[in-house]
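One structure is given here, and the rest of the page talks about it.
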Amino acid sequence: MKKHYNIAIVGGGPAGTTAARFATSQGASVVVLERDREIGVPVRCAEGISKEGLTKYVDINPNWIAGTITDFGFISPSGKMVVFHSPTIGYILHRRLFDHALAEIAADMGAEIYTKAYVHGLRRDGSKTTLYLRHIGTETEVEADIVIAADGIESRIAHLAGFNTKLSPKDVEPCAQMQLANIDVNPNRGDFYLSNNWAPGGYVWAFPKGENTANVGLGISGKYAGNKSALEYLKDFVAEKFPKASILTTTAGGVPVAKALDKLVGDGLMVIGDAAHQVNPLTGGGISTAMAAGKMAGSVAASAVKDKDISAKRLSEYQKQWDKTIGKDIKRLYRLKEWAINLTDTDYEDIARSLDGLTPEQVTLVKIFKQAVKKKPSLVIDVLKVFAGF
Ligand SMILES: Cc1cc2nc3c(=O)[nH]c(=O)nc-3n(C[C@H](O)[C@H](O)[C@H](O)COP(=O)(O)OP(=O)(O)OC[C@H]3O[C@@H](n4cnc5c(N)ncnc54)[C@H](O)[C@@H]3O)c2cc1C
């Protein structure tokens, strides 16, 4: 590891390695510091992503595609299923292989990537930032012109740099997931189970990974996370719906279902991905938005280094790009999430009933969500803006 880099990125998830790729491709010297012993492990993800959300940022390699999704099933509390044929396909990834591939692309472009490199301190001093880290058990330091915090929901680096990363309980969803084998699933349909008994303020997903295997997990709204944990809800759900399943893995993790941070940059500092709460707050999906932010921030950081101007003003080009594009949608999705977490089981049954008799091709997300917000018509405009075309 060198003493100084143009750009030091903390975190080797999709946000960090995408930022590394775009910064390196413009000639910046880049280091990625990842705390875990292996990029992409442990996997704490349902691994779903839309084709569009993927191909905007990386060419598809069939090795890391576990399955293709053409349909979605919404299951009401009483078990009524509404099937929706998606106009765009989706994929279930092998996240471990996918995260590895993103890191390999960045490394091939010239980024240096270090695992077992836990960053625990940061000091900003004039025109440079020093990071303090423990790398394979040894204390060391690295200097950079720009530090990009891509360290996930914990966001320690952004916090150390003085960003307000606090999440209110209602804006963080505790999640639990199991990979189940020996279950009956449609390999091309992702299912969502909606009931406050299964997942209060959230939902249960069953994303197939082949014929008889699926990632089955749930997130519950922090607002309702009382005495029962996400894992306990999941155990009950699996016992009810998949009693014969073998449980291959069990994981837990939190998802920020918030608006993105108001402030994404400082002098020589940028925050991206889960660390910046850049997640779709309605679904909890954050892989694509993490890559989007990585691309924007990596490109802006490299050109700022070239121009020898790493001021917050110069780096705010990233914030402007974010606010003008995905940031706008995330605000709309946040308003919808705030409404959706209060839906009752009766509301879910009403939605399912209203779509009764429609073919999967006739069901659209606009129809589903228009019904969901019918008691709050002011949200219809948000529904139309974010789901038009779906
Ligand atoms: C249960 C669950 C299911 C999910 N399902 C989906 C889904 O189906 N589809 C979807 O799009 N999204 C899903 N998500 C969200 C998605 O996983 C994240 O939004 C995405 O991984 C964000 O990427 P990131 O690079 O910002 O952060 P991360 O992938 O979290 O990467 C951050 C990295 O930083 C490292 N790090 C942290 N602190 C330090 C430090 N101090 N020093 C060095 N390294 C550090 C971590 O080890 C980690 O590797 C899910 C999340 C959970 C919890």
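Since every read-out is calculated from the coordinates, none of them should be taken as a lab result. These numbers come from a predicted model, not from an experiment. In this analysis, Cβ positions are derived from the backbone assuming ideal geometry, glycine residues included, and neighbour counts consider all displayed protein chains.
Across the chain, Cα-Cα distances exceeding 35 Å account for 26% of all pairs.
Rg/Rh for region 12-94 stands at 1.10; both radii use Cα atoms, and Rh follows the Kirkwood definition. The amide H of residue 94, built 1.01 Å from its N in the peptide plane, has 65, 66 as neighbours under 5 Å, considering only residues 5 or more places off or on other chains. Across region 39-53, computed HN-Hα scalar couplings (Karplus, 6.51 cos²θ - 1.76 cosθ + 1.60, θ = phi - 60°) run 4, x, 10, x, 7, 10, 6, 7, 6, x, 7, 7, 4, 5, x Hz from first to last residue, x flagging Gly and Pro.
Over all directions, average the projected area of the Cα convex hull of region 303-390 and note it in nm².
Details: hull surface 32.4 nm².
Average of the hull's projected areas for region 303-390 equals 8.1 nm².
Extending 7 Å from Cα along the Cβ direction at residue 89 and again at residue 109 yields two label points whose distance is 2.7 nm. Computed over the chain, the per-residue total of -39500 (n - 2.57) for DSSP H runs of n ≥ 4 gives a 222 nm mean residue ellipticity of -9500 deg cm²/dmol, rounded to 500. For the residue pairs 116/308; 209/367; 128/263; 308/331; 80/367, alpha carbon separations beyond 23 Å are given by 116/308; 209/367; 308/331. Any lysines with Cα under 20 Å of the residue 228 Cα? List them, leaving off those in the same chain fewer than 8 positions away. Output for residue 228: 170, 241. Principal-axis analysis of the Cα atoms of the chain puts helix 345-354 at an angle of about 70° to the longest axis. What whole-number distance in Å separates the alpha-carbon centres of region 270-323 and region 230-246? Value for the Cα centre distance between the two parts: 38 Å.
Give the residue list of trypsin sites (Lys or Arg not before Pro) in region 303-380 that are DSSP loop and have at most 16 other beta-carbon atoms within 10 angstrom. Display every interim value, and only then the final one.
Working: sites: 306, 308, 313, 314, 320, 324, 328, 331, 332, 335, 337, 353, 367, 370, 374, 375; in loops: 308, 374, 375.
Sparse-neighbourhood loop trypsin sites (Lys or Arg not before Pro): 308, 374, 375.
Here region 144-217 is treated as a Stokes sphere of Kirkwood radius computed over C-alpha pairs; at 4 °C and 1.567 mPa s its diffusion coefficient rounds to 85 µm²/s.
For a quick check of your reading of the filter: which trypsin sites (Lys or Arg not before Pro) in region 154-235 sit in a DSSP loop and have no more than 11 other Cβ atoms within 10 Å? Write down the numbers at each step before the final one.
On the way: sites: 156, 166, 170, 189, 209, 223, 228, 235; in loops: 166, 209, 223, 228.
Those satisfying the criteria are 166.
Cα centroid separation, region 105-178 to region 1-43: 10 Å. Each other residue within a Cβ distance under 11 Å of residue 93 adds +1 if Lys or Arg and -1 if Asp or Glu, for a net charge of +1.
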